[in-house]
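Have a look at the structure below, then the notes.
The values are calculated or read from the model by the stated rules, or taken from the named source; none is laboratory data. Note that this is a predicted model, so its numbers are computed, not measured. Positions of Cβ are generated from backbone atoms using ideal geometry, with glycine treated the same way; all protein chains shown enter the neighbour counts. Just the protein is used for accessible areas: all its heavy atoms, side chains included, with ligands, DNA and RNA removed. Shrake-Rupley method; radii C 1.70, N 1.55, O 1.52, S 1.80 Å.
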Amino acid sequence: AQAFGHVNIIDSEDSINVKSDYMEYEGTTQIAKLRDNVILRDSSGVLYTDYLDYDRRTEVGYYEGGGKLIDSYNEVTSLRGEYYPNAEKAHFYDSVRVINPDFDLETDTLFYETLTQKTVTKGYTKAITPEGDTLISQSGLIYDANNQYAEVYDGQIRSVDYTMKADTLIVDDLNEVYRGYQN
């Protein structure tokens with residue numbers, strides 16, 4: 001099937017609502033190719049892109065050429081990504097940027113759980129807080145927004161008052177406990 005202009009797919013089975021300017025759907029492969037002004041809404045957020053292939057069998061949407069996911073806490077942009085609406089998670093690749101009340105973050109690979117708001121980055125990661133504190137990791141980090149907890153690998157944290165460097169840094173803002181392990 002092909003659809004042109006103001007395409008709207010309401011899929012109660014996959015619990016998603018998708019709008020776009022153009023769509024091709026292949027029934028045998030169950031892949032919807034959505035193009036131009038694509039908006040995918042589900043219970044945990046909204047994904048905006050111009051290029052989305054959604055596989056109904058695997059329940060995964062793939063985008064290229066740029067996309068943005070907005071949920072109640074984060075705005076995440078990247079050049080490529082995978083969105084798993086039913087699993088409530090997303091993977092972002094290439095020029096990833098996260099903006100939220102706690103920090104602005106840049107990395108190349110980020111895995112995000114939309115329901116729990118847990119973030120895992122791989123490789124070089126840089127985050128800056130509104131207060132000007134800077135976090136830099138060469139190997140990535142794990143961040144749990146709900147528990148205000150982070151593990152930073154091969155990194156450093158710089159503030160006006162201190163600098164911490166270690167192979168592993170534990171940042172527990174909820175309990176105001178900060179630890180460094182090895183080097």
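Quick check: is even one residue across segment 22-42 touching an Asp or Glu at 6+ places or on another chain (Cβ under 6 Å), polar (S, T, N, Q), surrounded by fewer than 17 Cβ atoms within 10 Å (Cβ to Cβ) and closer than 23 Å to Asp94 by Cβ? Yes: one or more hits.
Return yes or no: is Tyr124 crowded, with 16+ Cβ neighbours inside 10 Å and either touching a residue at least 40 places away in the same chain (Cβ under 8 Å) or over 24 Å from Tyr48 (Cα atoms) (or both)? First the steps, then the outcome.
On the way: crowded, with 16+ Cβ neighbours inside 10 Å: yes; either touching a residue at least 40 places away in the same chain (Cβ under 8 Å) or over 24 Å from Tyr48 (Cα atoms) (or both): yes.
Yes; evaluated as a whole, the condition is true for this residue.
Looking across segment 102-158, just one residue is basic (Lys, Arg) and under 12 Å from the mean Cα position of the chain (by Cα), and that is Lys118.
Residue by residue, here is whether (1) within 15 Å of the chain's Cα centre (by Cα); (2) assigned to a strand (DSSP E or B) holds:
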position	(1), (2)
Ser44	yes, no
Tyr48	yes, yes
Leu52	no, yes
Arg57	no, no
Gly65	no, no
Leu69	yes, yes
Thr77	yes, yes
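For Asn100, state whether it is open to solvent by 50 Å² or more (accessible area, probe 1.4 Å) and either small (Gly, Ala, Ser) or at pLDDT below 95 (or both). The answer is no for Asn100.
Of all residues being of a type in the set (S, T, N, Q) and more than 23 Å from the chain's Cα centre (by Cα) in segment 1-21, which is surrounded by the fewest Cβ atoms within 10 Å (Cβ to Cβ)? Just the residue, please. Among them, the one singled out is Ser12.
For Tyr51, the stated conditions hold: it is more than 28 Å from Asp173 (Cβ to Cβ) and among the aromatic types (Phe, Trp, Tyr). Answer yes or no: is there a residue in segment 155-166 that is open to solvent by 60 Å² or more (accessible area, probe 1.4 Å), aromatic (Phe, Trp, Tyr), without any contact (Cβ under 8 Å) to a residue 40 or more places away in the chain and in a strand (DSSP E or B). Within segment 155-166, not a single residue is open to solvent by 60 Å² or more (accessible area, probe 1.4 Å), aromatic (Phe, Trp, Tyr), without any contact (Cβ under 8 Å) to a residue 40 or more places away in the chain and in a strand (DSSP E or B).
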